[in-house]
Amino acid sequence: MNLEENINNINLFDKLNEITKNISGKLNILNEQIDINVQIEYFEYSKNIKEKNKSLNIIDVKDKLFSQETKIEEKKEIIIILASDDNVKSYRILEKYSKNPDKELKNWSILALQESRMVLEGSILNENQIFISTGLGGKNSKLRYFTVLFALNDNNFTDTQKKIISKELEFSLKHHNAEIEKIEFFKNFSKIVSLIPIQEPIRNIFKDAINNCNELGSFINEEFLITNTKILNNDEISDFLKNKKKQIK
């Protein structure tokens, strides 16, 4: 999947909001920022292992998981089996392992512990557990988003315009129980990391902020970049802009 396919997918965000409004059960949002490709690998591996209905003796599993002699591939299998077991002992093993995992399996241990917690809670409370994970993670009931606002006509933002953007973004986000974690300004664009409740209208939040800013003197492009897959560096943003210009031509 290329950069263009990963960003500005507003329809996907809207669909996510629609789905979560119509499902019953507890929403579990992955807090940590884990590369989306690692997550895909984990869940595909998990699906394959579960289809084989493999099971292991808890004592043997614990010894193998903490042994330096056990190969990483075997540990992956053990982690997956423990994560799907609705047993407190399995959860405790994963909890202990996640505090000092093999370097190659750090992210796997985080995903497994989250899954194990959900399986356990679902079994005890007899409640549906819905797991939502993105590359940027989240916090409580909020997902983390990375947004880039662009200056109109490639102009540089002035100090006054930067203050206006900061103020209007803060106001618009607060109105939707969202928050800014970080905002950075560069010559002709601004990078924002924010936490937004999963069922809030993401597109409207930023459109409203942009419109409010432009009422004070049009200086922001109405098109903006947004993704919950990864935080882009300046070179990636520049490449995005170049591709956009080529498409226009």
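Consider Ile196 carefully, then state whether it is farther than 13 Å from Val148 by Cα and modelled with pLDDT under 90. So Ile196 fails the test.
Looking at the structure I just gave you, is Arg117 within 25 Å of Ile93 (Cα to Cα), of a type outside the set (Ser, Thr, Tyr), at pLDDT 90 or above and surrounded by 15 or more Cβ atoms within 10 Å (Cβ to Cβ)?
yes
Scanning segment 85-107 for residues that are closer than 20 Å to Leu27 by Cα and crowded, with 17+ Cβ neighbours inside 10 Å, which turns out nearest to the chain's Cα centre (by Cα)? Even if it seems obvious, please write down each step before you answer.
Of segment 85-107, the ones closer than 20 Å to Leu27 by Cα are 85-86, 91.
Okay, now just the ones that are also crowded, with 17+ Cβ neighbours inside 10 Å, so 85, 91.
Working: Asp85: 25, Tyr91: 23 Å.
Ranking the qualifying residues of segment 85-107, first place goes to Tyr91.
Quick grid of which residues meet (1) surrounded by 17 or more Cβ atoms within 10 Å (Cβ to Cβ); (2) out of contact with any helix residue (DSSP H, G or I) (no Cβ under 6 Å at 6 or more places or on another chain); (3) in the same structural domain as Ile226 (by TED's automatic domain parsing); (4) not hydrophobic (A, V, I, L, M, F, W, C):
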residue: Arg144; (1), (2), (3), (4): yes, yes, yes, yes
residue: Leu149; (1), (2), (3), (4): yes, yes, yes, no
residue: Leu152; (1), (2), (3), (4): no, yes, yes, no
residue: Asp159; (1), (2), (3), (4): no, yes, yes, yes
residue: Ser172; (1), (2), (3), (4): yes, no, yes, yes
residue: Lys182; (1), (2), (3), (4): no, yes, yes, yes
residue: Ile198; (1), (2), (3), (4): yes, no, yes, no
residue: Pro201; (1), (2), (3), (4): no, yes, yes, yes
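The values are calculated or read from the model by the stated rules, or taken from the named source; none is laboratory data. Because the structure is predicted, anything quoted here is derived from the model rather than measured. Here the Cβ is made from the backbone with ideal geometry for all residues, glycine too, and neighbour counts use every protein chain on show.
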